[in-house]
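Okay, structure first, notes after.
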Amino acid sequence: ATSAEEKMAQLSDPRAAEPGAAILLVDDDPGILQAAAILFRVMGFQPLTATSLEEAVAAFNANAARIRATVLDANVGDGTSAPLLDAIKGSVPTLPCIIASGYSEQKTATVFAGHRYDAFLGKPYTRSELAAILARFSLVR
């Protein structure tokens, strides 16, 4: 039997491992995408991967209800991922959108000025750096 206190703790302590919880990963480098997908699987998420903005839109539209956050490469193809970021935030304003880049956070902030993202993740990143960012959104402990 579960006590009332334990039930309350479950309500106020969201867990990443909820069944079907997904993360949308967008990067045009297949190696980085594969490595990131492994990290997310280890953390209990189902990674949804896309190597282009078009693939990302299709994955988002097919899985929007299960997506708990997005990790978008700052540059995808010949441009930035800003149009995708804007579309996602227009559809689900509260969905955490993380911009990943090999450039500095300052340069990324300049490129994405006027676009609303929730966190910056420098590439390459470690599991602990990823976990720290996800913890800010109560997706992992």
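The values are calculated or read from the model by the stated rules, or taken from the named source; none is laboratory data. This structure is a prediction, so every number in the text was calculated from the model and none was measured. Keep in mind that these areas ignore ligands, DNA and RNA; they rest on the heavy atoms of the full protein, side chains included. Shrake-Rupley method; radii C 1.70, N 1.55, O 1.52, S 1.80 Å.
State whether the stretch 85-141 is rounded, prolate or oblate according to the following rule on the C-alpha gyration tensor (a ≥ b ≥ c being the square roots of its eigenvalues): a/c under 1.5 gives rounded; otherwise a/b larger than b/c gives prolate, and the remaining case gives oblate.
Note, shape of the stretch 85-141 comes out oblate.
Any idea what angle helix 30-42 forms with the longest principal axis of the chain, computed on alpha-carbon atoms, 0 to 90 degrees, nearest 10?
Rounded to the nearest ten degrees, it is 10.
Can you tell me the 0 to 90 degree angle between the C-alpha axis of helix 82-91 and the longest principal axis of the chain, rounded to 10?
40 degrees
Give me a comma-separated list of calculated 3J(HN,Hα) values for the stretch 53-70, in order, Karplus coefficients 6.51, -1.76, 1.60 applied at θ = phi - 60°, integers in Hz, x for any Gly or Pro.
5, 5, 4, 5, 4, 5, 5, 4, 4, 7, 9, 3, 5, 9, 6, 9, 6, 10
Whose amide H sits under 5 Å from the amide H of Ala69, counting only residues 5 or more places off or on another chain, with H placed in the peptide plane?
The answer is Leu24.
Which value, in Å², gives the accessible area per residue of the chain when a 1.4 Å probe is used on the protein heavy atoms?
Dividing the accessible area of the chain by its residue count gives 54 Å².
Tally up the carbon and sulfur contribution to the accessible surface of the stretch 14-141 as a whole percent, 1.4 Å probe, everything protein left in place.
In the stretch 14-141, the share of accessible area belonging to carbon and sulfur is 55 percent.
Bin width 10 Å, origin at 0, all Cα-Cα pairs of the chain: what percent of pairs per bin?
12, 44, 33, 8, 4, 0
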